[in-house]
Each structure stands twice: as C-alpha cells, then as structure tokens.
Amino acid sequence: MKLRFRDGPSRRTMFSAALVAALAVANLAVAVERRGPASDSDFDGATHSVTPDAKDVQSAVWWSTWHWDKSTIVVWPQSTTTEILRAVNGWNNATDVRHPSSTSHTDISIWQANYGDIGWRGLASISGVNDSHGKRATHCHARLNTYTGPGYGVPSGRTRAWISEGVLCQEMGHCLGLHHDGTGGCMDTSRLNNGTGSNRASSAEVRLINSRY
Amino acid sequence: MRIRTLPVLAIGLSGLLIVQTLDSADSSERVVSVMVSFAEAPQSMEEAAASAQQVVLGRVTRVRRGPDVVVPVPGEPSGEDRISIEIATVQVDRAYKAGQGGPPQSLEIQRPGIAGEGESVAAEEDPPYRQGERYVLFVKPGLRLGGQQLQRIVAPAGRYRIRNDGTVEPMARGTPFAEAQRGRSLDQLEEAVNRGVGRSGGKGKGGG
C-alpha cells in the first residue's frame, strides 16, 4: 500500500488533480479580471443614470469607453488665460479627480489659438490604448478656437469670456471621458451655445465622473 | 474521473489560460478619438437654414486631402498643432437655398480632422465623405486655403446622407429636429428643408 502510494498511479492522480484544480482557479481569476469592475456599464459607453434634480433633466453620458486608470490627472495649461485656469479649476474643485498643473508635457495639454473659420469653437483629441475596460487614455489635447467671425458670436446676455470658459470646460470634460449631453452643464453644447445653460459642469456630469474615479 | 483524463484536462486548461492571458493584456495599438464642439448648434430646420448661405442636394464626386491648418503650440513636442482638412467636391443636383450668385454647379466642402503620423482622425459627427455618396448640406463659407474658398457645414445638423435605399441618415446625434429625419424619405426631408428655408426668409427652391 505504501509502495503503491509513492510510486503508483494514485500519486500521479493526486498531482494531476491538483494541477487541474490550480489551472481552473487561474482561468476563473483571469475571466473575472477581464469582466472589469462591478459597475461595468460605466465602461461600455452606456448612459449612466443619475437622480434628476431641478436642473439635471437628463443624464450625463460617457464618451465611448474612454477612461483613465488614475484619479490624479495632470494638466498643462499652455496658455495661462483666466478662462483656461477657471475651466481647469472648475473640474478640479467639483469632482474627486485632482488636476495638479504642470509646466511640461503631461496627461492633458490645454490651450487656445486662432484656427480661423474651421467650424468649431473647441476640439478635444484623446489618445491611448485598449485595455480590459475599453480605451485607456494616456494623453489628451483640449483646444479653444479664438476665431471671432460670423457664426462664432457670444450668446445673448453672456460675454466672450463666459463662452470661452464654457468651451474649455467642455473640452476638459471630453478629456475626462464625457460625451455631449443635455444636462444644462458645459457638456450640453446646445444650451452652452445659446447661453441658457451653465459654463461649468452640471451636478449630473460631476456625479458621473465621481462614479468612476 | 479516469486517470488518463486528468493530464488531457490539464493541457486543455493550460492552453485556455494562455489564450485568456494574451487576450486580456493591454493592446499596444494606439487609439485616437476626436470630439468637435461646433460653433453653431441650430435647434430647428429654420435656424439651420437661416445660418446657411446655401442648402443643396448633391453627390460627392471627389475627396482629397487639403493643406493642414497649422498653429504654433510651443509646448507640444512638435511645437505645433496640425489640423488636417479633407476637401469633398460635391456636384450640386438641386438647391433649396442659393447664394447671391445663384445655384452653384459644385461646392468644395471642408471637413477638419486631426493630423498625425500620416493619418487623419475624424470627429464622430462629421465623418469622412466618400465618393458617390449623396447629401443634403447646409453650408456657408469657411476656410480659405491655397487660394480656394471652401464651404463648411453649419453644424452636424446641417448634414444628411441619402442612403442607397433613399432613406435619410442625419450625421447629428442628440439634436432632435435632425434625429427626427432619420429613416424618412428624401421627399419628406425636402419638404422639411423647404419649410425651414421658407420660414428663415431664404430664397426658395431652385435648380442645380
């Protein structure tokens, strides 16, 4: 019996069974990791439902699966205008994400320049790589077009600084992974452009950001 | 379980583990997305028509890369920001609103993207034009590049593709009056466009 246990098939059986069990556990662990966080819908581009309040009649929306893998996202304000600083500080103060500033190339670059009659007031371009949660951002550019020709006017009752800050707030929001929405905050292009919304993030937009970071 | 089954099962699970691990690893392939905040956001066909200098139905006959728009950004590694411009030549079949010179034969439409590493990345609501596509476009003068005056769409809500089956596909997302046109026939879209042009005080239907 002792000899059979040491040299016989039952020892190989035990080794094989242990190996199979270990591999099964490893496969399960990898599968769970691939599923991502519990709030997986946050990473699949789906609308994140929030409790409506007086102003937030709609939900904020993720931009595809864009996300950062950290909650401190450094910003380089390449132009230190009041509007840029107010836009960055607005997000920094409103959400759980921290935005320390840098004086060299880093996570987000934000600037303003005259691109002419190109059709847009603001443009965000985000780059990164695919990971198990979707598109993981590694760098983002937030731009304000300072062109002031016909079609680039100031909404009634507002100032050029107001709309500029709102556009920069929106481009920063894109860099954080938000799409346009209808919440009345700065991601709400329609109400930002006609001046009836806010040039800061809405509470729905803040809640959506905080739900992830 | 039979003794001979276990090694086979172990090999199978090992293979599965390798495949899962490789699949879950981060891809080194770079992904880039662009989001444009258009200067104008018309909320009705009337507003879109009022903003447009011309509203036309046409077919894309040529698409080419125009000169980039380059602005200095000293802090960036390249020292500049480079915006790619695609130019689509659209042969006009019909004009719902014409400029002072009357209905044009063709229009040169600008479409900005992001230039980098030889590629051009388009904005979601302003995708690349393709030769042969038909569009109803609300346009006005845009950039002047290389001595050529280009036209730009007033907003994504001013760009409607006519599918091969004759139904309408708006480029705008989240703009109710534009979304309402999705799946409608060209005749129905033309009716809405002509109504918007009429209310905006623009010139009526003309030839192409």
Checklist entry - Hey, what's segment B:79-123 come to in accessible area per residue, 1.4 Å probe, Å²? => result 37 Å²
Item to check | Cβ charges +1 (Lys, Arg) and -1 (Asp, Glu), total dipole of segment A:116-213, debye | outcome: 100 debye
Checklist entry - Using bins 10 angstrom wide from zero, how does P(r) for segment B:90-144 break down, in % of all Cα pairs? => result 18, 47, 27, 8, 0
Checklist entry - If you average 1/r over every pair of different alpha-carbon atoms in segment B:48-139 and take one over that average, what Kirkwood value in Å do you get? => result 14.5 Å
Item to check | Viscosity 0.692 mPa s, temperature 37 °C, Stokes-Einstein D of segment A:74-146 from Kirkwood C-alpha radius, µm²/s | outcome: 246 µm²/s
Checklist entry - Put B:Val70, B:Val193 in order of accessible area, largest first, 1.4 Å probe: what do you get? => result B:Val70, B:Val193
Checklist entry - Under a point spin-label approximation (7 Å from Cα along Cα-to-Cβ), what is the B:Gln91-B:Ser78 distance to one decimal in nm? => result 3.5 nm
Next on the checklist: Ranking request for peptides A:74-81, B:184-191: highest mean number of other beta-carbon atoms within 10 Å first, then the rest in descending order.
Outcome noted: A:74-81, B:184-191
Checklist outcome for this item: Buried accessible surface, B vs A, both sides, probe 1.4 Å, in Å² to 100, equals 4300 Å²
Checklist entry - Considering the dipole of segment B:90-132 built from charges on the beta carbon (Lys and Arg +1, Asp and Glu -1) around the Cα centre, which of B:Pro103, B:Val90, B:Pro128 is farthest to its positive end? => result B:Pro103
Item to check | Using alpha carbons only: equivalent-ellipsoid semi-axes of segment A:127-213, gyration tensor based, whole Å | outcome: 26, 16, 9
Item to check | For segment A:67-213, alpha-carbon Rg relative to the globular expectation (2.2 N^0.38 Å, N residues) | outcome: 0.99
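Suppose every Lys and Arg Cβ carries +1 and every Asp and Glu Cβ carries -1, with no other charges. What dipole size does segment A:50-165 come out with about its Cα centre, to the nearest 20 debye?
Dipole size: approximately 160 debye.
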Checklist entry - Roughly what would the spin-label model give for A:Thr138 and B:Arg163, points 7 Å off Cα along C-beta, in nm? => result 3.8 nm
Next on the checklist: Can you report the principal axis dimensions of segment B:52-208 using only the alpha carbons, biggest first, rounded to whole angstrom?
Outcome noted: 51, 33, 27
Item to check | Computed over segment A:68-207: relative contact order in percent, which uses C-alpha pairs under 8 Å that are six or more apart | outcome: 22 percent
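The values are calculated or read from the model by the stated rules, or taken from the named source; none is laboratory data. These numbers were taken from a predicted model, which means no experiment stands behind them. All Cβ positions, glycine included, derive from the backbone under ideal geometry; neighbour counts span all protein chains shown. Accessible surface is based on the protein model in full, side chains and every heavy atom, while ligands, DNA and RNA are left aside. Shrake-Rupley method; radii C 1.70, N 1.55, O 1.52, S 1.80 Å.
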